[in-house]
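Quick notes on the structure that follows.
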Amino acid sequence: MVQEVLRLQNLQKSFGSVRALKSASFTLNEGEVVALLGDNGAGKSTLIKAISGVFPIDRGDIYVRGQKVSIRSTRDAMDLGIETIHQDTSLAPDLSIARNLFLGREPVNLKWLGVFAPLDLAKLRDAASALLKRVGISKKLDADALVSTLSGGERQSIAISRAMQFAAKVIILDEPTNNLGVEETHGVLRFVKEVRDAGHSVLLITHNIHHVFQVADRIIVMRRGEIVAEQTVADTDLLTVESIITGADMSALLKEARAK
Amino acid sequence: MPVGKRRSSLIRSPQFSSLVILIVLLAVFAIADANFLSPLNISNMMAFLPELGIIALGMTLLLTAGEFDLSVGAVFGLAPVVVMLLVQNGGVDIGVALLAGLLLCIAIGAINGLIVTKIGISSFLVTLSMLLVVRGAALYITQGFPLKSWDQPGFFVTLLAGSFNIGSFRFYTSLWWFVGLSLLAVYVLRYAKLGNWISAIGSNRNAAVARGVPADAVKIWLFILTSVLAGLAGMISAFRISAASPVAGTGYELEVIAMVVVGGTALTGGRGTILGTIVGALMLRAIRNGIVLIGVPGLAYNIFVGVIILAMLILHALLQKNAARS
């Protein structure tokens with residue numbers, strides 16, 4: 001039986017008079033990669049920011065594993081097992097890989113010292129090395145290396161591994177392949193599949209439809225703040241999806257798509 | 001990390017190159033003038049060192065978090081002026097007056113921090129305005145005159161500016177303050193959870209916030225810390241020379257920032273080194289002292305200070321480029 005992980009019901013968000021998100025409802029299941037597609041301004045980033053707690057929603061409900069939740073901060077989202085990885089904004093380049101992996105959740109000794117508690121450096125390094133090994137990038141990477149010395153693909157992989165590390169139920173990837181070379185893009189996409197196979201659910205936001213067809217199970221298309229199409233990858237093709245995104249003769253296409 | 005690799009990264013680190021240059025500078029001054037290393041001169045340098053050095057510690061943490069504070073020199077001037085006015089004209093107990101000074105510094109830092117983080121104005125502009133407000137306040141409440149000398153010894157004077165002799169060296173208790181605060185700052189930045197947050201905020205604020213790090217709160221507390229340290233340094237200085245002047249600390253903000261960046265802390269945030277700052281503080285102190293001793297004309301000596309700082313920064317930039325290439 002398919003296990004529902006995240007369900008959004010009629011999410012709405014306005015900024016002043018701009019209705020960035022008119023109404024969005026969809027369900028994300030366990031071990032599934034869902035691609036969220038749409039042109040610039042379609043409301044994709046508003047939607048994922050709402051889920052990841054960057055700002056509160058105006059109306060609508062969010063359910064995690066069937067439980068209604070309220071997400072008011074990024075911390076709330078993380079505590080619920082929702083990890084968001086933004087292009088370029090996920091890692092601090094001047095910190096080591098190990099320190100980045102545990103940023104905000106540092107293992108410490110003498111916990112009662114609060115923010116002044118000393119980092120458990122040995123545990124930090126060991127856990128980071130174990131993690132790097134598990135995700136298969138240990139040969140090249142040293143847990144003490146600064147993130148600024150890594151390539152874009154390596155950084156994405158580190159950010160995704162970090163989300164996996166904290167047993168995230170839902171991993172949101174915001175444009176994970178932007179600015180990456182061909183080889184690195186394939187590495188990241190392969191990694192996305194591994195993440196899914198490990199039982200995590202992935203919400204993939206991207207402009208690149210080709211990537212979607214390589215890794216996604218389902219596709220959700222947004223236009224002008226609304227979800228206009230939802231299809232399994234097997235039931236559709238690249239051209240159909242492309243025309244839905246751009247909105248060229250939508251009604252006919254949707255009918256056709258549903259008829260299939 | 002293998003030992004060899006660790007050693008080479010230490011040698012390439014900015015604080016190490018600063019240390020080498022400091023040693024070279026000290027050697028040059030010592031050879032040029034034998035008095036440079038005399039107990040009297042070393043005692044002199046050590047008397048001045050903590051006053052700017054203490055502020056530099058706060059500034060290092062603040063710069064690492066990606067912000068800076070131009071109002072420290074003015075706070076350095078205002079805090080003792082307020083304390084001494086309260087004592088001399090208001091008849092307030094010195095302990096109470098010091099507490100009032102502390103609260104004033106906390107307020108100044110909090111205002112800086114709140115405006116920078118909550119309204120989103122660059123710290124350059126906010127603290128530049130604060131510099132004018134604070135310096136203006138110091139001038140206004142004193143009508144521009146230095147306050148009568150303060151020569152009543154007591155617990156607080158001894159605590160902040162007492163002195164003791166080791167052999168023929170004369171040291172002030174302020175040196176202990178500097179040493180203690182330095183150790184604390186090294187601990188916080190390198191080994192504490194907070195230090196990880198500070199570096200992450202300066203390196204990539206969005207990443208830190210996305211991980212649940214309370215970036216704004218951390219920055220506000222660092223502004224408060226920097227302001228309080230500037231006030232503490234001002235008190236130490238005022239007690240040491242037994243006077244409070246409304247223009248004390250003029251230009252200190254730039255000298256402190258110079259100490260910090262010469263030590264290898266990045267002006268753009270993310271990379272901070274307390275050890276480097278200590279080296280930087282020693283270096284600027286030694287330069288100011290040394291070039292006077294070797295007979296550079298007083299009016300020309302800022303030229304030398306500027307040139308040496310520039311040379312240091314160029315060296316750091318070249319080392320950085322080299323490291324990036326390898």
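The values are calculated or read from the model by the stated rules, or taken from the named source; none is laboratory data. These figures come from a predicted structure and were not determined experimentally. Virtual Cβ from ideal backbone geometry, glycine too; neighbours counted across all protein chains shown.
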So, B:Ile224, is that one modelled with pLDDT of 95 or more, of a type in the set (A, V, I, L, M) and within 30 Å of B:Val83 (Cβ to Cβ) or not?
yes
Scan segment B:64-80 and give yes if some residue there is within 20 Å of the chain's Cα centre (by Cα), over 21 Å from B:Met259 (Cα atoms), buried (at least 20 other Cβ atoms within 10 Å of the Cβ) and not small (Gly, Ala, Ser), otherwise no.
yes
Only one of (1) within 14 Å of chain B (Cβ to nearest Cβ); (2) within 23 Å of A:His211 (Cα to Cα) is not met by A:Leu37, so which one is it?
(1)
Return yes when B:Gly77 is in contact with a Ser or Thr (Cβ under 9 Å, 6 or more places away or on another chain) and in contact (Cβ under 8 Å) with a residue 60 or more places away in the chain and no when it is not.
yes
Residue list for segment B:271-305, restricted to those being closer than 22 Å to B:Met46 by Cα and exposed (fewer than 12 other Cβ atoms within 10 Å of the Cβ):
B:Gly295, B:Gly298
Please determine whether any residue of segment B:154-162 is part of a helix (DSSP H, G or I), among the aromatic types (Phe, Trp, Tyr) and away from chain A (no Cβ under 14 Å).
yes
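Per-residue answers, yes or no, for (1) acidic (Asp, Glu); (2) surrounded by fewer than 16 Cβ atoms within 10 Å (Cβ to Cβ); (3) touching a Leu at 6+ places or on another chain (Cβ under 8 Å):
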| site | (1), (2), (3) |
| --- | --- |
| A:Asn10 | no, yes, no |
| A:Lys13 | no, no, yes |
| A:Lys44 | no, no, yes |
| A:Lys49 | no, no, no |
| A:Phe55 | no, yes, no |
Scanning segment A:102-131 residue by residue, the ones that are part of a helix (DSSP H, G or I) and at the interface with chain B (Cβ under 10 Å from one of its Cβ atoms) total 8
Filtered residues of segment A:59-101 (kept if touching a residue at least 60 places away in the same chain (Cβ under 8 Å), of a type in the set (A, V, I, L, M, F, W, C) and within 9 Å of chain B (Cβ to nearest Cβ)):
A:Met78, A:Ile85, A:Leu91
Do you know which of the residues in segment A:15-28 that are without any contact (Cβ under 8 Å) to a residue 40 or more places away in the chain and assigned to a strand (DSSP E or B) is surrounded by the most Cβ atoms within 10 Å (Cβ to Cβ)?
A:Thr27
